[in-house]
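Encoded as structure tokens, the structure appears first; notes follow it.
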Amino acid sequence: MSLDLAADPDGVAVRTQANGGVLAQLTLSHPELVLRPTLRRAPEISLEPEYWTDAGGDRTLLFVTALGTEFGAFETALGTDPTVVDPVLVDRAPECRSYRLELTDRAITLVEATAAVGGRLRGCSSCREGWQFRLRFPDRNALVAFNDRCRERDVSVTVDHLRPANADGGGPVSLTEKQRELLTVAYEEGYFDVPRRISQDELADRLEVSKSAISQRLRRAIAQLCGSAFA
């Protein structure tokens, strides 16, 4: 991968990977990807990682946001998930909860693999197959190297979207499967028309989710599109 040199206002040389690169949306699947067993047992819940932190003594903590309503089934699944231990509910709302989890040695994560090839994680959320990553790589060779690292761990990689990082007009590279479905239905049914031809309540009924989930998903989807367009 190529690195250019740039100079900051003080004249200090700075390596840059900001010129060019590729944006990729990848679906990753493996039985022992972190929280994958829970996702299989509680498919009604959507997960979005908040952040990871080193808790010392080889302990890694993960904070996640769970969206949905079937939290009983989700928490039951957490209790038997071999990829995490000691799940703790740290915040709650009617259809949104946050949890602190400790990863086990069995949990497969790809944060280090992403960093090792010069990639940058721009977003991550759960999907039917496992996890959907939205990544920026300095070039296609870095993407290939990331794919090789995944294959070494028997992690299946599906490329959902791929485009140059400096391409005009973004496209849906930053959208999750559920966000893309929601925006498609909202657009086709006239949610963005003036006046609107469908309400959030009607969208919720159409997609069989709660109004709160629709509102949060719309907000995140629009933010992801803006972030992709203005990256």
Note to self: Please give me the summed charge of the neighbours of R196: other residues whose Cβ is under 10 Å from its Cβ, Lys and Arg +1, Asp and Glu -1.
What the structure shows: -2
Item checked: 15 Å reach of a label modelled at E50, 7 Å along Cα-to-Cβ, counting backbone N of region 79-100 -> 87-100
Next item on the list: For H161 and D86, calculate 0.36 nm times their separation in residues minus their Cα-Cα distance, and state this gained length in nm to one decimal.
Entry: 23.4 nm
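So, for the chain, what is the accessible surface per residue at a probe of 1.4 Å, expressed in square angstrom? Could you put the intermediate results ahead of the total?
Details: 12470 Å² over 231 residues.
Using a 1.4 Å probe on heavy atoms only, each residue of the chain averages 54 Å².
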Next item on the list: Please find the FRET efficiency linking A223 to D105, where r is the Cβ-Cβ separation and R0 is fixed at 41 Å, and quote it to the nearest 0.05.
Entry: 0.70
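Given N residues in the chain, what is its alpha carbon radius of gyration divided by 2.2 N^0.38 Å? All intermediate terms of the calculation are to be shown ahead of the outcome.
Values: Rg = 19.2 Å, N = 231, 2.2 N^0.38 = 17.4 Å.
Normalised by 2.2 N^0.38 Å, the Cα Rg of the chain equals 1.10.
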Next item on the list: Summarise the accessible area of the chain (1.4 Å probe, protein heavy atoms) by the percent that is carbon and sulfur.
Entry: 48 percent
Next item on the list: Among L33, L78, L89, determine the one that fluctuates most according to a GNM of the chain built with springs between C-alpha atoms less than 10 Å apart.
Entry: L89
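The values are calculated or read from the model by the stated rules, or taken from the named source; none is laboratory data. Computed from a predicted model, the values in this text were never measured in an experiment. Counting neighbours? That spans all protein chains shown, and the Cβs are built from the backbone with ideal geometry, glycine included. When the accessible area is computed, the model is the full protein with side chains, heavy atoms only, and any ligands, DNA or RNA have been set aside. Shrake-Rupley method; radii C 1.70, N 1.55, O 1.52, S 1.80 Å.
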